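Quick notes on the structure that follows.
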Amino acid sequence: MTVESTAARKPRRSAGTKRTAAKKPPGARPDLVQLLTPEGKRVKNGEYDAYVADITPEDLRGLYRDMVLTRRFDAEATSLQRQGELGLWASLLGQEAAQIGSGRATREDDYVFPTYREHGVAWCRGVDPANLLGMFRGVNNGGWDPNSNNFHLYTIVIGSQTLHATGYAMGVAKDGADSAVIAYFGDGASSQGDVAESFTFSAVYNAPVVFFCQNNQWAISEPTERQSRVPLYQRAQGYGFPGVRVDGNDVLACLAVTKWALERARRGEGPTLVEAFTYRMGAHTTSDDPTKYRADEEREAWEAKDPILRLRRYLEASNHADEGFFAELDAESEALGKRVREVVRAMPDPDRFAIFENVYADGHALVDEERAQFAAYQASFADEGEGE
C-alpha cells in the first residue's frame, strides 16, 4: 500500500446525506507556527528556525520514514480489527506529523505520558508496534515495561495522564534532574477537570512538563467550538504559562516547537501548552462512524494538507530523496504490515484467571469467592461438551 492510496480508499458518504462543515470560532488560526507549507515549501520563522537548523537530508528522510511506517502500522491495525483480530483500534491517520515531530524532539531521559492514540510517539520511543496491539486484543494490560523506554502505558481514562505527568514532573524537579516530561491529550480531553487541575499544579510548582494537545478538531462527534470559545492554546494564559499553536501537519514545525518547549522545561522555566492544530482523517475508533457528523468537504480539504505528502514534496523538490528511497520504503512498509499480522495472530490467549491476581496485596476472601465462582462457570462448558 502506498502513501498516496491511503486517502483515496477512505469511505465516502452517500450523496443523499447532507452535512455542513463545522464552523470555526473567530480567530481560530492566529499565530500558527509553520515551517513547511502543504505544497512542500520551506518558510522561514525567526523564532523557531534555530531548532531545526542542524537537520540534515538524512534526518528529513528519517522523519518521512517514521511517518510512512507509522501510517502503515496504523492501517494494518485497523484492518486487523475489521477482521475480528482486535477488539478495538484508535487510528492516528492524519496526525503522523504531530506525533513524529514531537516524539523525535524528546531525549532518551525524558518521560512520556500518552493517551491511547500515540502510536507514532511509541514508535519514536522504541516501543515495538506489535506490543501496542496486545491491549487492544485483550491479551495483556499494556504490553511493555514503561521504564524501559520512559514511555508510560496507554491511558484510556480521558485526561488522567496529565495528572500523572504533572506529578512525575514535580518529582523530577525535586530530584534536580535535567530532564523533562511530556503529556499527550486531545482537544476533547482539554475539557476535562483533570487537565485543568494539571495546569494549575504544574504552574504553581513550575513543573518541567510540556502539555501536547493534538487538536484533531473532533472529540468523537463534538467539534472544538462546542468546547471552547477561544483557540485551545490560549487557555495557558489563564494559568500563567506560555501556549503555542503549531501546524500539526507540519513535522518540522512540530519538531521545532516541541524542542523549544522541552528545552524551556529543562532550564527550569516551567510548563508549556503546545496545541498541534491537525485533523483526524479516520474515525475516533473503529466503533465510530464519522460520516454521521462530519462533512466530506471538510475531510477532503484536510486531505490536501496530508503531512506525509507535504514532506515528500519537499524532499523531491530539494533533491533529498530519489525514487530508490521511496521504493525501498514501500517494501519496508509492506514487510512491517506482514510482521504485525503474523505477530497478532500468534498471540496466545490470556490466562482467564489473571484478572483475580494483584487485586489486593494480601488477598481477599471476596476475590477468592469470585475466583471459585468463575472456575465453576468455566468448568460448566467442559461438562456440556462431555454430555454431547
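Select, from 161, 95, the only residue that is touching a Ser or Thr at 6+ places or on another chain (Cβ under 6 Å), more than 26 Å from residue 307 (Cα to Cα) and crowded, with 17+ Cβ neighbours inside 10 Å.
Details: 95 fails: more than 26 Å from residue 307 (Cα to Cα).
None of the other options fit; the residue is 161.
Looking across region 48-87, the residues that are without any contact (Cβ under 8 Å) to a residue 24 or more places away in the chain and acidic (Asp, Glu) come down to 54, 58, 59. When residue 328 is tested against (1) open to solvent by less than 80 Å² (accessible area, probe 1.4 Å); (2) free of Cβ contacts under 8 Å to residues at least 40 places away in the same chain; (3) under 29 Å from residue 73 (Cβ atoms), exactly one condition is not met: (1). Inside region 229-253, residues that are of a type in the set (Gly, Ala, Ser) and open to solvent by 10 Å² or more (accessible area, probe 1.4 Å) make up a count of 3.
Scanning region 140-153 for residues that are buried (at least 17 other Cβ atoms within 10 Å of the Cβ) and either in contact with a Ser or Thr (Cβ under 7 Å, 6 or more places away or on another chain) or not in a loop (DSSP other than H, G, I, E, B) (or both) returns 149, 151.
Screening residue 50 with (1) assigned to a helix (DSSP H, G or I); (2) within 24 Å of residue 123 (Cβ to Cβ); (3) open to solvent by 40 Å² or more (accessible area, probe 1.4 Å) gives one miss only, at (2). When region 258-273 is filtered for residues that are closer than 23 Å to residue 218 by Cα and out of contact with any Cys (no Cβ under 7 Å at 6 or more places or on another chain), the ones remaining, listed by number, are 258, 272.
If you scan region 67-117, which residues turn out to be among the basic types (Lys, Arg) and within 11 Å of the chain's Cα centre (by Cα)?
Taking region 67-117 as the starting set, the residues that turn out to be among the basic types (Lys, Arg) are 71-72, 82, 104, 107, 117.
Residue satisfying the conditions is 117 alone.
Looking at this structure, is residue 162 under 17 Å from residue 275 (Cα atoms), part of a helix (DSSP H, G or I) and over 13 Å from the mean Cα position of the chain (by Cα)? The answer is yes for residue 162. Of all residues in region 172-187, those being open to solvent by less than 60 Å² (accessible area, probe 1.4 Å) and over 17 Å from residue 211 (Cβ atoms) number 1. Every condition in (1) surrounded by fewer than 20 Cβ atoms within 10 Å (Cβ to Cβ); (2) farther than 14 Å from residue 265 by Cβ; (3) modelled with pLDDT of 95 or more; (4) not hydrophobic (A, V, I, L, M, F, W, C) holds for residue 120 except the one numbered (1).
Residue-by-condition table, conditions (1) farther than 30 Å from residue 299 by Cβ; (2) open to solvent by less than 50 Å² (accessible area, probe 1.4 Å):
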{"position": "189", "(1), (2)": "no, yes"}
{"position": "192", "(1), (2)": "no, no"}
{"position": "200", "(1), (2)": "yes, no"}
{"position": "203", "(1), (2)": "yes, yes"}
{"position": "207", "(1), (2)": "yes, yes"}
{"position": "214", "(1), (2)": "no, yes"}
{"position": "218", "(1), (2)": "no, yes"}
{"position": "225", "(1), (2)": "no, no"}
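In region 356-371, the count of residues that are part of a helix (DSSP H, G or I) and at pLDDT below 90 is zero. Number of residues in region 346-355 that are assigned to a loop (DSSP other than H, G, I, E, B) and open to solvent by 70 Å² or more (accessible area, probe 1.4 Å): the value is 5. Scanning region 154-201 for residues that are over 26 Å from residue 263 (Cβ atoms) and touching a residue at least 40 places away in the same chain (Cβ under 8 Å) returns 154, 156, 158.
The values are calculated or read from the model by the stated rules, or taken from the named source; none is laboratory data. Note that the structure is a prediction, hence the values are computed from the model and not measured. Neighbour counts are summed over all protein chains in view; Cβ atoms, including those assigned to glycine, are modelled from backbone coordinates with ideal geometry. These accessible areas exclude ligands, DNA and RNA; they are computed on the full protein's heavy atoms, side chains included. Shrake-Rupley method; radii C 1.70, N 1.55, O 1.52, S 1.80 Å.
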